[in-house]
Structure formats: structure tokens, C-alpha cells
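Some notes on the structure that comes next.
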Amino acid sequence: MRGLLAPFRRVYLTRVTGRPFLAVIHYDGGQFVGWQRQPVGRTVQGEFEAVLERLGRRRTPAIAAGRTDTGVHAIGQSVGFTFPERWRAAPDDLRRALNALLPRDVWVERVHPMRPEFHARRTATARRYRYVIGTDDAARSPFRRPYEWAVDRPLDVGALGAAAATLCGEYDFRGLSAAGAARPHYRCRVAHAEWAPRPDARGVTFTIEADRFLHRMVRFCVGTMLDIGLGRRPLSDLAGLLVATDNRAASPPAPPHGLYLVAVRYPPDLYAGA
């Protein structure tokens, strides 16, 4: 009987002594079908969990703060997982071990031991995304085209700025997001939205931070604002979309390869060293 129970005892002890960790990771989304594990296709979650299993010698779920879509990049994705207590005193060693095994298009910037109440998605207070647009000829270079939206026409920067200002506040974003499963509510609180010129007249970037985002919300916002910046639709359309109950009046969403998840914020007291 003791021999039969031994494997279960080991699993139980691992769970009890496990420590929650936060990994801040970068990835090139071009060769992934998104963050979340899928029945078919390569995913960031699949690659990350495979490495955690090799290091920890057991299956370890990895939970991301945001489930990025196919082709979307990250330079600040937050990933939570539970790992043996012995790594708590050596987070830099854990970071190096992860990077030694991860594929070249995924990289861990840093690892933090976290307090027990931490959850990568539920305890996040804000997420920040950036969208990159190129307006010069070199935007179509093979070294830039996979990482920004190449737009051939000049943009009305003033109109873009006014459109971004319209998004700030708390709104129902059903008119600027993909249709999907019913949710308790669709309201998002946007704390920051801004267009800024890129160096050397290369184009513009859009940065937005909110407490939550709906599916493809940033891409719908960018696609609609770009049409405003190109003079294809009036600025007043945006106010109407913020009270719409579906996305039928929105412009097509911007392509995924110009979008980056750049940061996720958590209360400071969730970090074990705080």
C-alpha cells in the first residue's frame, strides 16, 4: 500500500509547497496561432508549458494576463505559474533555465516570486497595448513589414489624436470588438489612449491602457481611427460606436502583426519582495 500511495504523496507535497511565479515574456507572434493552446497549431502557451514540464518534471499550467490572437506580438506579456519552492530564492536562475529551453521566438525578460493570492489574469489592474503603423516606403521592408502595418497614405495626426481622446473613459465596447460569447458586461475603463509620431518620420504608434479589453478591441479601434485619419469617415462616428450594441458599423479591424501587448500592471503588494 505504501508503494501505491507514494506517487500521490509526491504530487500532493509539490502542490502544497509550490510558489506562484510571474514571468514577463516577449514573443514574436508571427509563427504562433496565438497565446492559448489549440487543438491544431503552434501556441505560446504550448511552448511555455512544455518547458515548465521539463524543468519541474510535472505538468504545470501557465496562465497569461491576456490571450493574444494569431500574429499578435508581446514585449510584456505576464504569465503566472506555480513552481517548486526551491526556485523562490533564485528567480534569475529560473529565468536563465527557461530561456535555455524556450524556442528563439520566445524570451523571458524577468521572473518574480509572487504572493499566494496572485493570479496572472484576475489580479491584473491594467493592460497596455501598442499598435505600430509605418507610412514611409521602408515600412514594406521584410525587416519591418512583419512587425507594423504599412500604410501608403499620409495620416491626419490631429484627427487621430481627437479620436484617441474620445476613447478615454468607461464605455461599452461592443461596437468596437469582435462578437463572441455573452459576457456579464462589456464595459472597459480606458485610462490612456494616445497617438504619437515615430522617429525619422516612419509613421505613428497608438498606445492604449485599460482595465480590461474585449476580443480584438484594440484592432477594431485602430482600424476605425485609421479611417478617420485618412478622411474616410468623420470623427463623430466614433461616439456612435461607443454606444452601439454590435460592430456592424465599425471599420475592419487592423491586421494583427502591428499589435503588441507591452505591459500588465498588478498591485505592488502581490510581489513577494514587496
### Message
Could you list Ile228, Ile75, Ile208 so that the one with the fewest beta carbons within 10 Å of its beta carbon is first and the one with the most is last?
### Response
Ile75, Ile228, Ile208
### Of Gly76, Leu176, Ala89, farthest towards positive along the dipole that unit charges on Lys, Arg, Asp, Glu beta carbons give the chain
Ala89
### Task
Based solely on C-alpha atoms, express the radius of gyration and the Dmax of the stretch 126-262 in angstrom.
14.3, 45
## Note on the structure
Measuring from the longest principal axis of the C-alpha atoms of the chain, the long axis of helix 157-167 (C-alpha) lies at a number of degrees, nearest 10, equal to 50 degrees
### Task
Return the label of the correct value of Cα Rg over 2.2 N^0.38 Å, as calculated from the structure shown, out of (1) 0.93; (2) 1.12; (3) 1.02.
(2)
### Extension reserve of the Arg145-Ala249 stretch, reckoned as 0.36 nm per residue once the Cα distance is removed
34.6 nm
### Message
If I fit a long axis through the Cα atoms of helix 217-229 and take the longest principal axis of the Cα atoms of the chain, what angle between them do I get, 0 to 90°, rounded to 10?
### Response
20 degrees
### Task
Neighbouring Cβ atoms within 10 Å as the yardstick, rank Ile25, Ile133 fewest first.
Ile133, Ile25
### Task
Determine the calculated [θ] at 222 nm for the chain from helices alone, applying -39500 (n - 2.57) to every DSSP H run no shorter than 4 residues and normalising by the residue count; nearest 500 deg cm²/dmol.
-8000 deg cm²/dmol
#### Entry: Antiparallel content of DSSP bridges confined to the stretch 18-122, in %, to 5
100 percent
#### Entry: Nearest 10 degrees, 0 to 90: helix 91-101 Cα axis against the chain principal axis
80 degrees
### Query
What size of dipole, in debye to the nearest 20, comes out for the stretch 126-262 about its Cα centre when the only charges are +1 on Lys and Arg C-beta atoms and -1 on Asp and Glu C-beta atoms?
400 debye
### Task
Quick one: which residues, 5+ away or cross-chain, put their amide H under 5 Å from the amide H of Leu22? H built at 1.01 Å from N.
His112, Met114
### Charge dipole (debye, nearest 20) of the chain; +1 at Cβ of Lys and Arg, -1 at Cβ of Asp and Glu
1360 debye
### Message
Only bridges whose two residues both fall in the stretch 109-210 count here: according to DSSP, what percent of them are antiparallel, nearest 5?
### Response
90 percent
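Just so you know, all these numbers are worked out from the coordinates, no wet-lab data involved. On a predicted model such as this, the values are computed, not experimentally measured, just so you know. Cβ: placed from backbone, ideal geometry, glycine included. Neighbour counts: every protein chain shown.
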